[in-house]
Every structure is written in structure tokens, then in C-alpha cells.
1. Out of the residues in segment 124-143 meeting the condition of being outside any loop (DSSP other than H, G, I, E, B) and modelled with pLDDT under 90, tell me which one is nearest to VAL88 (Cα to Cα).
2. Six or more apart or on different chains, Cβ atoms under 8 Å: show the pairs whose first residue is in segment 148-161 and closer than 12 Å to ASP118 by Cβ and in contact (Cβ under 8 Å) with a residue 60 or more places away in the chain and whose second is surrounded by fewer than 20 Cβ atoms within 10 Å (Cβ to Cβ) and of a type in the set (Val, Ile, Thr).
3. Search segment 22-46 for residues being of a type outside the set (A, V, I, L, M, F, W, C) and touching an Asp or Glu at 6+ places or on another chain (Cβ under 8 Å), and hand back the single one that is nearest to ARG229 (Cα to Cα).
4. For segment 61-74, how many residues meet the condition of being more than 9 Å from the chain's Cα centre (by Cα) and farther than 16 Å from CYS107 by Cα?
5. Within segment 94-101, can one find any residue that is assigned by TED's automatic domain parsing to the domain that holds ASN171, part of a helix (DSSP H, G or I) and surrounded by 15 or more Cβ atoms within 10 Å (Cβ to Cβ)?
6. Considering segment 104-113 alone, what residues qualify as being surrounded by fewer than 17 Cβ atoms within 10 Å (Cβ to Cβ) and under 16 Å from the mean Cα position of the chain (by Cα)?
7. Of the conditions (1) under 23 Å from ILE104 (Cβ atoms); (2) over 19 Å from the mean Cα position of the chain (by Cα); (3) acidic (Asp, Glu), GLU215 satisfies every one except a single condition; which number is it?
8. Which of (1) touching a residue at least 12 places away in the same chain (Cβ under 8 Å); (2) over 19 Å from the mean Cα position of the chain (by Cα) is the odd one out, the single condition HIS58 does not satisfy?
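The values are calculated or read from the model by the stated rules, or taken from the named source; none is laboratory data. It should be emphasised that the depicted structure is a prediction, and the values quoted were computed from it without experimental measurement. Neighbour counts run over all protein chains shown; Cβ positions are idealised from the backbone, glycine included.
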Amino acid sequence: MEVGQATAPQKHMIYAGNFSGPFLPESLDDFVISDTASKLQLYGMVNGTLPMPLFGKHAICLWGSYGTGKTTLATILPQLFEASGSLVCSKRRGIYLADRYWEITTCGIARNSVSLMDKLIERCTEGNGYSPSGWHYEILDEVDLLSNKAQESLKGVITSSVSTIFVLTTNHPTKLDRGIVSRSVLIEMNQSASAADYERLAQRFLKRMGLSGDELSAEQIATYAKAARGDLREFGTAIAVEGISRGGRLSH
């Protein structure tokens, strides 16, 4: 598949994050990956042209400013990987197959880091909750909020958990243990310098509201994108308001 043709996620899985209704994400095209190299890497991994894990990197780290969709993308990446049918199968394929083969941990919620890591290690070693291709997925949101000791422990878990793919998010990649960074494919999600990225996204949103997608000019979309400064919550809200004023619907 070419860039822009990422497979839609499986319908039975549950979405999470900050999108809803007609803006519920279906593919990588519903996000803005600001960095060209990051975009090529992520599309390549999802579509199978790049292997995952890659050179011992069992983690994907989505990093960038607030509101760029990191958490939402993190929650659907397991679906995208599995739906593509291109993911290299792990040795756990066919063992402990489960409908729910991922776990989401919000590191920013006050909790005991030691207990958190103990539970994560248990999930990665107990042998339950594997996908059709034999992978277990651990999603750690705001991973930089883990204590230094917990980050050191996570580094070891990533190395030893050969049948687990980790998806991490952070607003502050400089606060991550260097070992975690080394074991991760870093994907930048910040404000894009390309106006076309936001024009494409706005048109997708408007069409899902039952409109043609051409209701707003490129200049109008660029103005909203600049004001949002990469925050898709702000950008999506602005496009939704414009769409409603033109007869669009926000049905769920």
C-alpha cells in the first residue's frame, strides 16, 4: 500500500481518546503526522513495508504538543497493525488468542509506579491476551510521568518482552530515559508546516458531516489551522462549527 492508504481498524474494537461522532478515526489519514520521516516510518510499519519490531525496537513513541491526537492514535494502532495483515507474526501466534489483546495505562494518574510496573511485567510474561498475529500490545500514555526508577524498569521490559509491542505517548521526549528512546521508533506529532495536511483533514471532516467537503476555502482552513497551533481539538471544533452552519450533521 502507498502512503495515504492505511487500512481501517477492525470494527469490534473500542476507540478511546478525544474524537467522536463523524470525527471518529478510521485510519492514519485522520491524523496529522507533521514530520515527513515520521510519516513514512509509521505508514510503512502499519502497511507492512517496514517490519515491526525493527532492529530491536519494540516500541513506538508518539511525541508532540498537546491536542495533536497522540493518545487517540496510540489506542487504535494495535487495530491498524492487525487489520493490515502485514505484521510479522510472533512465536505466540495461535496461543492465548483473545479479543482484547491490548492494555492502556495512563501514567499521569497518581499511582504507585512500582505496582504499575509489576502489573505490566505480569501481563507481558503471563501469556494471555495475544492478537491473531501473536502480539500483545501495551499502550502507556504520558510515559514521561513515570518515575526514573520505573522508566529504567520499563527499558528492561521492552527488551525482554519479545512478543509485546509497546506504544508510548509523551509531550516531553527529553524527559524519557535514553534507553527507552533507543528502543523506540520516534514519531513526531506537532503542528504541520503543510497547509495541505489540514485542508485534507477538514475536507474529510466535512464529508462525514454529510457535506461536499468543499464548503471552506483553503485560506479559511489555513486560518483555523494556524489558530489551533496543531491542536486537533481546536481545529476540529472550528471545522465542526463551520459545517453545522452550512447544514452539516454531527450524528453519532
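1. The initial filter retains those residues of segment 124-143 that are outside any loop (DSSP other than H, G, I, E, B), namely 124-126, 130, 136-141, 143.
Narrowing the set further to residues that are modelled with pLDDT under 90 leaves 124-126, 130.
Numbers: CYS124: 18, THR125: 20, GLU126: 21, TYR130: 14 Å.
Only one residue tops the list, namely TYR130.
2. Final answer for the pair search is none.
3. Here the residue is SER34.
4. 4
5. Initially, segment 94-101 is screened for residues assigned by TED's automatic domain parsing to the domain that holds ASN171, giving 94-101.
When the remaining residues are screened for being part of a helix (DSSP H, G or I), the result is none.
For segment 94-101, residues assigned by TED's automatic domain parsing to the domain that holds ASN171, part of a helix (DSSP H, G or I) and surrounded by 15 or more Cβ atoms within 10 Å (Cβ to Cβ): absent.
6. Initial filter on segment 104-113 (surrounded by fewer than 17 Cβ atoms within 10 Å (Cβ to Cβ)): 104, 106, 108-112.
ILE104, THR106 - these are the residues of segment 104-113 that are surrounded by fewer than 17 Cβ atoms within 10 Å (Cβ to Cβ) and under 16 Å from the mean Cα position of the chain (by Cα).
7. So GLU215 meets the others, but not (1).
8. Unmet condition: (2).
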